[in-house]
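Some notes on the structure that comes next.
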Amino acid sequence: MSRDPIARTRPRSADVDADRLWRRHLEMARLGATPKGGVNRPALGEKDIEAHALLATWARQRGFGLAIDDIGNMFVRRPGTADDAAPVVSGSHSDTQPTGGRFDGIFGVLAAFEALEAIDEAGIETRRPLEATIWNNEEGSRFVPGTMGSGVYAGRLVLADTLAAVDREGITVADAVAALKRGIPDADVRALGAPITAFVEAHIEQGPVLEDAGEVIGVVTGIQGSRKFHIEVIGEEAHAGTTARRHRKDAFVEAVAMVNALHEIFHDAEDLARFTIGQFEILPGARAVVPGRVKFSIDFRHPEISVLDDLGDKVEPACRSRARACEVTIDELPRSAPVAFSGLVPDAIEAAARLRGYPGRRIFSGALHDAGNLARQFPAGMVFVPCERGLSHNEAENAKPSDLAAGAQVIADVLVDLANRD
Ligand code: HGY
Ligand code: MN
Ligand code: MN
């Protein structure tokens with residue numbers, strides 16, 4: 001019997017290959033590369049389908065299984081000795097924001113795949129199957145809403161409604177999923193919502209906490225909630241040279257009054273409310289025409305459900321009371337309640353981190369993640385690693401190869417642990 005107490009408690013796992021993991025990040029970053037060194041890879045656009053196909057090629061080289069479900073989530077599978085048991089799954093997303101970086105999302109996919117490869121190379125058998133997944137359309141940038149694939153998988157979103165959503169060119173999610181399936185014709189069909197023993201997602205932190213603290217591994221305790229709105233102000237196009245102020249229905253002027261009122265309302269002393277207007281469109285967008293229509297988005301996040309309720313409910317009256325000559329419509333997208341990760345998965349992450357020499361700092365997520373949806377149905381948790389200056393949704397987003405490898409290592413250890421538990 002070993003005299004090393006750690007060796008007795010550590011499940012037999014495999015060491016990940018840090019160089020291979022880094023090379024794969026660089027290969028993926030070529031798909032949709034931007035001149036400023038970032039990535040622009042809209043969900044299930046040409047470059048995102050290439051990213052799926054690249055992962056599929058690596059999976060086939062290893063002899064792993066491949067399957068796609070009805071909402072376009074892709075699963076790479078390493079069988080277990082009890083192959084009908086529900087899998088232990090890890091992964092994230094491959095789509096990006098328009099000015100995205102090289103790590104948001106794809107790190108979690110590549111960490112999961114690296115874990116499966118390392119475990120396979122080491123010849124380690126697991127009782128339950130292991131899967132690495134790409135959840136479809138996490139960012140919600142091409143198709144609304146975001147965390148779409150995991151949302152449908154976990155039953156938070158309705159499949160038929162979601163497949164009917166369209167991008168700005170009028171292409172439906174259904175068309176895009178069909179294109180993915182054409183791109184990977186040999187993939188099996190995966191049942192939506194099939195049971196999962198546990199889900200664990202690796203992600204860059206997208207904030208400064210780990211870097212500031214000099215820590216490498218964060219054990220995520222939860223995700224703040226969010227409410228998102230689409231506002232449309234409808235006025236009347238008119239001649240810029242001839243129309244007096246008293247006769248104008250200027251959608252821009254009224255939208256600006258709404259935006260200013262909203263910024264006041266969401267300005268909290270603690271600086272916890274995250275309020276963003278990231279889209280603002282003036283139509284018809286012509287210099288000599290009084291704007292007849294303005295569309296803008298609201299993205300509001302907070303850790304507490306009562307604040308989400310109270311402040312979020314102020315959006316509609318704030319907009320209506322500033323609409324004078326114009327009409328206003330307010331549509332709310334599906335809400336995300338705050339999520340708490342506890343029990344099986346975070347405990348396994350913390351244990352794995354400690355056995356590898358990391359304290360495993362507890363950390364809360366300001367960003368949304370697919371794990372938040374999965375946690376509503378299955379045991380779930382997340383591992384964070386630092387990113388430079390906490391910068392994300394930015395082409396300069398950066399992370400250290402050694403930190404990425406540490407995160408992938410924790411994923412590998414957690415997968416082996418959870419796949420072999422009784
Ligand atoms: O918006 C988010 O939090 C995520 O990055 N999609
Ligand atoms: Mn992400
Ligand atoms: Mn993101």
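The values are calculated or read from the model by the stated rules, or taken from the named source; none is laboratory data. Quick caveat: nothing in here was measured; it's all calculated off a predicted structure. Positions of Cβ are backbone-derived with ideal geometry, glycine not excepted, and every protein chain shown enters the neighbour counts. Surface areas here come from the heavy atoms of the whole protein model, side chains and all, with no ligands, DNA or RNA. Shrake-Rupley method; radii C 1.70, N 1.55, O 1.52, S 1.80 Å.
When we screen Leu272, Leu283 for residues that are open to solvent by less than 80 Å² (accessible area, probe 1.4 Å), closer than 30 Å to Ala337 by Cβ and aliphatic (A, V, I, L, M), the only hit is Leu272. Restricted to region 127-159, and to residues there that are more than 16 Å from ligand 3 (Cβ to nearest atom) and of a type in the set (Gly, Ala, Ser), the residue that is most open to solvent (accessible area, probe 1.4 Å) is Gly155.
Matching residues to (1) hydroxyl-bearing (Ser, Thr, Tyr); (2) over 17 Å from the mean Cα position of the chain (by Cα):
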{"position": "Asn137", "(1), (2)": "no, no"}
{"position": "Gly151", "(1), (2)": "no, no"}
{"position": "Gly155", "(1), (2)": "no, no"}
{"position": "Asp161", "(1), (2)": "no, yes"}
{"position": "Arg182", "(1), (2)": "no, yes"}
{"position": "Gly193", "(1), (2)": "no, yes"}
{"position": "Thr197", "(1), (2)": "yes, yes"}
{"position": "Ile217", "(1), (2)": "no, yes"}
{"position": "Gly225", "(1), (2)": "no, no"}
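The residues of region 97-125 that are within 16 Å of ligand 2 (Cβ to nearest atom), open to solvent by 10 Å² or more (accessible area, probe 1.4 Å) and in contact with a helix residue (DSSP H, G or I) (Cβ under 9 Å, 6 or more places away or on another chain) amount to a single one, Arg102. Kindly provide the set of residues from region 178-191 that are surrounded by fewer than 16 Cβ atoms within 10 Å (Cβ to Cβ) and either touching a Pro at 6+ places or on another chain (Cβ under 8 Å) or part of a loop (DSSP other than H, G, I, E, B) (or both), ordered by number. If the condition is that a residue be surrounded by fewer than 16 Cβ atoms within 10 Å (Cβ to Cβ) and either touching a Pro at 6+ places or on another chain (Cβ under 8 Å) or part of a loop (DSSP other than H, G, I, E, B) (or both), then Pro185, Asp186, Ala191 are the ones that fit. Starting from region 290-315, take each residue that is basic (Lys, Arg) and list its partners that are open to solvent by less than 60 Å² (accessible area, probe 1.4 Å) and assigned to a helix (DSSP H, G or I), counting only C-beta distances under 9 angstrom and pairs at least six apart or across chains. Here the result reads Arg293/Ala251; Lys295/Ala255; Arg301/Leu308; Lys314/Leu262; Lys314/Ile265, each pair linking region 290-315 to a residue that is open to solvent by less than 60 Å² (accessible area, probe 1.4 Å) and assigned to a helix (DSSP H, G or I). Here is the figure for region 358-377: residues that are of a type outside the set (A, V, I, L, M, F, W, C) and either open to solvent by 60 Å² or more (accessible area, probe 1.4 Å) or outside the structural domain of Ala86 (by TED's automatic domain parsing) (or both) total 6. Only one entry in Ala380, Ala353, Ala348 is assigned by TED's automatic domain parsing to the domain that holds Gly207 and either without any contact (Cβ under 8 Å) to a residue 60 or more places away in the chain or in contact with a Phe, Trp or Tyr (Cβ under 9 Å, 6 or more places away or on another chain) (or both), namely Ala380. Close contacts from region 148-169, counting a first residue that is over 18 Å from Asp370 (Cβ atoms) and touching a residue at least 12 places away in the same chain (Cβ under 8 Å) and a second that is open to solvent by less than 10 Å² (accessible area, probe 1.4 Å) and in a loop (DSSP other than H, G, I, E, B), with Cβ to Cβ under 7 Å and a gap of 6+ residues or different chains, come to Asp167/Phe143.
Can you list the helices (runs of 4 or more DSSP H) lying wholly within region 304-359 that have 2 or more residues being under 26 Å from the mean Cα position of the chain (by Cα)? I'd like the intermediate steps shown before the answer.
On the way: elements: 305-312, 315-322, 344-355.
So the answer is 305-312, 344-355.
Applying the set (1) surrounded by fewer than 24 Cβ atoms within 10 Å (Cβ to Cβ); (2) more than 28 Å from Arg274 (Cβ to Cβ) to Asp413 leaves exactly one unmet item: (1). For region 365-384, the criterion of a residue being over 27 Å from Ala86 (Cβ atoms), in a strand (DSSP E or B) and at pLDDT 95 or above is satisfied by no position. Listed here are the strands (runs of 3 or more DSSP E) enclosed by region 192-240 that have at least 3 residues being open to solvent by 40 Å² or more (accessible area, probe 1.4 Å): 225-234. Close Cβ contacts (under 6 Å, 6 or more residues apart or on different chains) running from residues in region 390-405 that are without any contact (Cβ under 8 Å) to a residue 12 or more places away in the chain to residues that are open to solvent by 40 Å² or more (accessible area, probe 1.4 Å) and part of a helix (DSSP H, G or I) are absent.
Do the conditions hold for Arg182, that is, is it assigned by TED's automatic domain parsing to the domain that holds Leu368, under 28 Å from Ala405 (Cβ atoms) and basic (Lys, Arg)? No, not satisfied.
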